[in-house]
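Visitor: Before I ask anything, let me first share the structure, which is written out below as structure tokens.
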Amino acid sequence: MSYYKVFGLEKEPFSTSPDPEFFYNSTGHETALKRLEIAIRLRKGLSIIFGDVGTGKTTLLRTLLKVFKDENDFIFHLILDPSYKSEFQFLFSLVRMFGIMPEFKSTIDFKEAMEKYLFQKGVEEDKTIVLLIDEGQKINMENLEVLRTLLNYETNEYKLLQLVIMAQVELLPRIKKIRNFMDRISLKYTINPLGEAETKEMIEFRLKAAGNHYQNNLFTDEAIKLIYQQTQGHPRKISMLCHDALETIVMRDKPRVDAEIINSLVHQEAGV
Ligand SMILES: Nc1ncnc2c1ncn2[C@@H]1O[C@H](COP(=O)(O)OP(=O)(O)OP(=O)(O)O)[C@@H](O)[C@H]1O
Ligand SMILES: [Mg+2]
């Protein structure tokens with residue numbers, strides 16, 4: 001039997017997969033999501049969301065896709081790993097993804113095919129084309145130049161390609177080196193780790209999302225305080241520690257996670 005069933009839960013509350021169902025709307029995440037939605041609807045062009053490791057960038061992307069899932073005027077494409085080695089490889093993969101492979105296969109032909117497609121969809125059919133790129137810190141200089149070219153395609157009123165990049169902050173010095181790239185960013189936002197009150201809310205939210213409808217205080221307040229101190233509000237770290245804590249109380253046959261449980265896990269991890 002899975003450990004979480006012991007608590008009457010239907011699902012695993014602290015899995016580390018980027019599942020929108022378990023996405024707690026912290027002030028920072030909600031602001032990022034709303035602003036992204038607006039930038040896309042207004043066809044502003046380039047949006048970049050920065051965030052440290054495990055702060056919820058991938059989950060945010062998946063949640064954004066969910067926001068638009070029933071809207072046929074928006075066409076989304078998602079790149080989870082943009083570590084293409086060359087401009088050719090990147091463009092080749094883009095035209096394939098967009099379903100517009102040209103007869104001749106050179107970078108110029110690819111760019112022309114992209115421009116034609118964006119124009120046809122964006123102007124003649126009035127669709128909004130959105131390219132979402134996760135792990136943006138993996139885009140090399142050559143391919144950042146490709147993206148800059150794509151962002152040049154525009155009408156007098158709007159950009160033809162909406163580009164959303166999620167990245168760790170290492171990307172920043174690289175884009176600063178490319179002339180005009182910074183000026184093209186219409187939305188730049190950084191997701192910060194959660195505060196203490198939000199850490200508590202995130203834990204409670206995820207328990208509820210997993211099917212815990214009865215408030216039976218699975219985590220004491222002291223335990224939550226320690227979780228916050230240990231994780232500094234980083235969502236992935238919070239999830240992992242809570243997961244380990246629940247497993248531990250099942251093994252030790254305890255009713256709830258208290259400070260002692262968290263302390264023992266922290267010491268265990270530190271190899272003490
Ligand atoms: N707002 C949130 N509410 C609830 N859980 C969250 C939230 N943000 C992140 N998480 C959880 O934290 C974990 C890491 O999230 P995610 O993979 O989205 O982070 P990331 O920023 O993409 O990490 P990386 O930098 O490693 O790519 C996941 O388990 C996710 O469910
Ligand atoms: Mg990620």
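Visitor: Among (1) under 24 Å from residue 16 (Cβ atoms); (2) surrounded by 14 or more Cβ atoms within 10 Å (Cβ to Cβ); (3) among the basic types (Lys, Arg), which single condition is residue 69 missing?
Guide: (2)
Visitor: From the list 90, 110, which one is closer than 21 Å to residue 61 by Cα and assigned to a helix (DSSP H, G or I)?
Guide: On the way: 110 fails: closer than 21 Å to residue 61 by Cα.
Just one listed residue meets the conditions, 90.
Residues checked against (1) in a loop (DSSP other than H, G, I, E, B); (2) touching a strand residue (DSSP E or B) at 6+ places or on another chain (Cβ under 9 Å); (3) aromatic (Phe, Trp, Tyr):
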| site | (1), (2), (3) |
| --- | --- |
| 50 | no, yes, yes |
| 63 | no, no, no |
| 82 | yes, yes, no |
| 85 | yes, no, no |
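Visitor: Out of 31, 27, 55, 16, I need the residue that is within 16 Å of ligand 1 (Cβ to nearest atom), hydroxyl-bearing (Ser, Thr, Tyr) and in contact with a His (Cβ under 7 Å, 6 or more places away or on another chain). Which one? Write out each step before concluding.
Guide: Details: 31 fails: in contact with a His (Cβ under 7 Å, 6 or more places away or on another chain); 27 fails: in contact with a His (Cβ under 7 Å, 6 or more places away or on another chain); 16 fails: in contact with a His (Cβ under 7 Å, 6 or more places away or on another chain).
From the options 31, 27, 55, 16, the qualifying one is 55.
Visitor: What's the number of the only condition in (1) closer than 19 Å to residue 43 by Cβ; (2) touching a Phe, Trp or Tyr at 6+ places or on another chain (Cβ under 6 Å); (3) crowded, with 21+ Cβ neighbours inside 10 Å that residue 118 fails to meet?
Guide: (3)
Visitor: Show the residue pairs meeting these rules: Cβ distance below 7 Å; 6+ apart or different chains; first residue within region 12-24 and closer than 13 Å to residue 203 by Cα; second residue within 6 Å of ligand 1 (Cβ to nearest atom) and in a loop (DSSP other than H, G, I, E, B).
Guide: Taking only residues 6 or more apart or on different chains, not a single pair turns up.
Visitor: Scanning for something loosely packed, with under 14 Cβ neighbours inside 10 Å, within 16 Å of ligand 2 (Cβ to nearest atom) and not acidic (Asp, Glu), does region 244-260 turn up at least one residue?
Guide: no
Visitor: Can you name every one of the helices (runs of 4 or more DSSP H) wholly within region 134-228 that holds 3 or more residues which are in contact (Cβ under 8 Å) with a residue 40 or more places away in the chain and either assigned by TED's automatic domain parsing to the domain that holds residue 260 or over 30 Å from residue 238 (Cβ atoms) (or both)?
Guide: Numbers: elements: 141-151, 171-177, 196-209.
In region 134-228, 141-151, 196-209 are the helices (runs of 4 or more DSSP H) which contain 3 or more residues that are in contact (Cβ under 8 Å) with a residue 40 or more places away in the chain and either assigned by TED's automatic domain parsing to the domain that holds residue 260 or over 30 Å from residue 238 (Cβ atoms) (or both).
Residues checked against (1) within 20 Å of the chain's Cα centre (by Cα); (2) modelled with pLDDT under 95; (3) more than 30 Å from residue 254 (Cα to Cα):
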| residue | (1), (2), (3) |
| --- | --- |
| 11 | no, yes, no |
| 15 | yes, yes, no |
| 32 | yes, no, yes |
| 51 | yes, no, yes |
| 63 | yes, no, yes |
| 74 | yes, no, yes |
| 86 | no, no, yes |
| 89 | no, no, yes |
| 107 | no, no, yes |
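Visitor: Criterion first (over 12 Å from the mean Cα position of the chain (by Cα) and either buried (at least 21 other Cβ atoms within 10 Å of the Cβ) or away from ligand 1 (no atom under 16 Å from the Cβ) (or both)) does residue 43 satisfy it? Give the steps one after another, and end with the answer.
Guide: Values: over 12 Å from the mean Cα position of the chain (by Cα): yes; either buried (at least 21 other Cβ atoms within 10 Å of the Cβ) or away from ligand 1 (no atom under 16 Å from the Cβ) (or both): yes.
When the stated conditions are applied, residue 43 passes them.
The values are calculated or read from the model by the stated rules, or taken from the named source; none is laboratory data. Because the structure is a prediction, the values reported are computed rather than measured. Positions of Cβ are generated from backbone atoms using ideal geometry, with glycine treated the same way; all protein chains shown enter the neighbour counts.
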